[in-house]
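Below you'll find the structure, written out as structure tokens, and then a few comments.
The values are calculated or read from the model by the stated rules, or taken from the named source; none is laboratory data. Given the structure is predicted, the values throughout are model-derived calculations rather than measurements. Reconstructed Cβ throughout: ideal geometry from the backbone, glycine too, with neighbour counts over all protein chains shown.
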């Protein structure tokens, strides 16, 4: 079975600071998804990466390194609206 490991486990930051969350897969991936959940609401899709490289939207940037089976999500100038639980999910080969 596939395992995804996110780090760090938790983050406490000040408004205006940047932060990065990493995700490592135990198996090769062909698509990597990043989601955010606020309170008990549903998951909000932030980014889907289909191939190696980088994807940006506004102040969110996500990268995927297929060889290292690793992805990162970077958010700049954080606001209270960025708070929540972040999840990565992967489609494996």
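Looking only at region 65-93, residues that are surrounded by 15 or more Cβ atoms within 10 Å (Cβ to Cβ), in contact (Cβ under 8 Å) with a residue 60 or more places away in the chain and assigned to a strand (DSSP E or B) come to 5 in all. Looking only at residues of region 46-64 that are touching a strand residue (DSSP E or B) at 6+ places or on another chain (Cβ under 8 Å) and outside any strand (DSSP E or B), we find that the one that is modelled with the lowest pLDDT is 51.
Looking only at residues of region 1-45 that are in a strand (DSSP E or B) and touching a helix residue (DSSP H, G or I) at 6+ places or on another chain (Cβ under 9 Å), we find that the one that is surrounded by the most Cβ atoms within 10 Å (Cβ to Cβ) is 36.
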